[in-house]
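Colleague: This is the structure I have questions about; it appears just below.
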Amino acid sequence: MTKLAAVNIPPSQDKQVNLDLIIKWVERAAAEGVDLVVFPEECVTGLGTKGMNEFFAPDKLDAIAAAELVPEGPSTQLMAELAKKHGIYIVYGMAETDPDRWTITHNCAVLVGPEGYIGKHRKVHFPLAERQFHVAGDDFEVFDTKIGKIGLIVCYDICFPESARVCALKGADIVCCPTGWPNLTNSDDDPDHLAQLTFAPARALENMVFLVQSNTCNAPGVPAVFEGHSQIIGPNPGQVFARAGYGEEMIVAEVDIRKEILNARVVAMGGDDLIRDRRPSLYGMLVERDPYANYADGLAYEGV
């Protein structure tokens with residue numbers, strides 16, 4: 001059996017405050033015998049929020065100032081030592097300095113474990129103005145660990161089926177998704193809230209893998225911005241093992257990864273394996289013609 005955990009934590013632009021909060025929850029997770037704990041998007045360096053409005057320039061400067069090299073930087077070194085100390089796998093988000101261009105940053109998910117630093121994923125898809133102060137990654141990595149193969153995606157990546165699908169095709173058993181998801185009305189009927197509760201189960205089910213999503217939440221007394229509702233989703237239909245609320249908290253689920261994935265692919269849907277039954281030779285249109293190919297360059301949408 002494997003214990004998975006995800007944590008709602010509030011955002012801060014103070015790196016030391018963030019690290020202290022993460023350490024607190026890692027220690028609590030370790031005390032509960034957790035094998036893998038996932039933290040939110042950019043939880044170490046501070047989630048960029050000003051990039052969505054008129055304060056774009058200061059936000060980019062903040063991101064550059066807070067960003068660090070991965071894995072050489074002090075935060076990743078600290079997290080790797082923390083993982084070794086407690087014998088636990090940790091996924092967390094931070095702004096990464098590009099090793100070749102110090103003025104460039106990436107929105108990065110990092111995986112460390114009992115063996116130290118394992119790997120990272122640079123967020124591929126950017127919403128709103130985020131593309132103006134981060135540079136996108138160009139791959140979806142999957143890493144071998146003692147608890148199974150772990151794939152990484154970040155926040156908006158989850159909205160695109162191809163993201164988790166690439167991880168699944170590379171053999172991922174668990175897809176981890178650090179997130180900074182909004183909920184501007186702090187309500188259960190908020191469109192963003194409903195979207196988050198749809199995307200995560202869909203990505204898990206269509207790929208027949210586990211999905212662990214950790215999300216930023218609001219600090220007490222702060223106006224509603226973030227969603228919370230971190231969740232641990234299984235590979236079988238309707239399989240929500242745990243889901244947090246709006247505030248700071250940790251959710252934990254003890255699961256049998258091999259058993260649940262085997263059940264999903266052999267039993268749950270009458271033997272219909274959604275990975276095996278793909279017809280990739282018919283999907284060429286997905287890459288041969290992109291109707292939005294010129295859209296990113298500011299040109300008009302050409303239509304299908």
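Colleague: Read phi for every residue in region 86-99 and hand back ³J(HN,Hα) as whole Hz from Karplus 6.51 cos²θ - 1.76 cosθ + 1.60, θ = phi - 60°, with x for Gly and Pro.
Modeller: Going residue by residue, I get 9, x, 9, 8, 10, 10, 8, x, 6, 7, 10, 6, 5, x Hz, with x marking Gly and Pro.
Colleague: Follow-up. At 0.36 nm per residue, and after removing the present C-alpha to C-alpha distance, how many nm does the segment from PHE160 to ASN186 gain when stretched out fully?
Modeller: Once the chain is fully extended between PHE160 and ASN186, it gains 6.9 nm.
Colleague: Which pairs break 26 Å Cα to Cα here: LYS84/LYS259; LYS15/LYS170; LYS24/LYS60; LYS15/LYS120?
Modeller: LYS84/LYS259; LYS15/LYS170; LYS24/LYS60
Colleague: If you look at just the Cα atoms of the chain, how large are its Rg and its Dmax in Å?
Modeller: In Å, with Rg to one decimal and Dmax whole: 18.7, 56.
Colleague: What whole-number distance in Å separates the alpha-carbon centres of region 125-144 and region 56-108?
Modeller: 14
Colleague: Next up: Give me the percent of accessible area attributable to carbon and sulfur for the chain, probe 1.4 angstrom.
Modeller: Here carbon and sulfur together make up 55 percent of the probe-accessible area.
Colleague: What is the dipole size for the chain, taken about its Cα centre, with +1 at each Lys and Arg Cβ and -1 at each Asp and Glu Cβ, in debye to the nearest 20?
Modeller: In debye, rounded to 20, the chain gives about 700.
Colleague: With only Lys, Arg, Asp and Glu charged, each at its Cβ (+1 for the first two, -1 for the last two), find how big the charge dipole of region 1-157 is about the Cα centre; round to the nearest 20 debye.
Modeller: 300
Colleague: Another one. When you count, for each residue, the other Cβ atoms within 10 Å and take the mean per peptide, how do 223-230, 244-251 rank with the highest first?
Modeller: Per-residue Cβ counts within 10 Å, averaged per peptide and sorted highest first, yield 223-230, 244-251.
Colleague: Between ALA224 and LYS24, what FRET efficiency follows from the Cβ-Cβ distance if R0 is 30 Å, with the result rounded to 0.05?
Modeller: After rounding to 0.05, the efficiency reads 0.80.
Colleague: Which value, in debye to the nearest 20, gives the size of the charge dipole of region 192-254 about its Cα centre, when Lys and Arg are +1 and Asp and Glu are -1 at the Cβ?
Modeller: Its charge dipole is roughly 100 debye.
Colleague: Using a cut-off of 13 Å between beta-carbons, work out the net charge of the residues near HIS193 (Lys and Arg +1, Asp and Glu -1, HIS193 not included).
Modeller: Result for the neighbourhood of HIS193: -4.
Colleague: Can you give the local net charge around ASP277? Use residues other than it whose beta-carbon is closer than 15 angstrom to its beta-carbon, Lys and Arg +1, Asp and Glu -1.
Modeller: Result for the local shell: +2.
Colleague: Set the Förster radius R0 to 25 Å, insert the Cβ-Cβ distance between ARG131 and ALA195 as r into 1/(1 + (r/R0)^6), and round the FRET efficiency to 0.05.
Modeller: 0.80
Colleague: Applying a 10 Å radius around every beta-carbon, put 157-169, 19-31 in order of their mean neighbour count, most first.
Modeller: Those peptides, ordered most packed to least, come out 157-169, 19-31.
Colleague: Take every DSSP beta bridge whose two residues both sit in the chain, then give the antiparallel share in percent to the nearest 5.
Modeller: Restricted to the chain, the bridges split so that about 65 percent are antiparallel.
Colleague: Something else about it: Which net charge results for the neighbourhood of THR103, defined as the other residues with beta-carbon distances under 15 angstrom from its beta-carbon, given Lys and Arg at +1 and Asp and Glu at -1?
Modeller: Net local charge, THR103 excluded: -4.
Colleague: Compute the Kirkwood hydrodynamic radius of region 1-153, taking the inverse of the mean of 1/r over all pairs of distinct Cα atoms, and give it in Å to one decimal.
Modeller: 15.6
Colleague: Shifting gears a bit: If we sort 142-153, 274-285, 93-104 on the protection proxy, mean other Cβ atoms within 10 Å, highest first, what's the order?
Modeller: Those peptides, ordered most packed to least, come out 142-153, 93-104, 274-285.
The values are calculated or read from the model by the stated rules, or taken from the named source; none is laboratory data. Everything quoted here is computed from the prediction, not taken from an experiment. Glycine gets a Cβ as well: all are built from the backbone with ideal geometry, and neighbour counts include every protein chain shown. Keep in mind that these areas ignore ligands, DNA and RNA; they rest on the heavy atoms of the full protein, side chains included. Shrake-Rupley method; radii C 1.70, N 1.55, O 1.52, S 1.80 Å.
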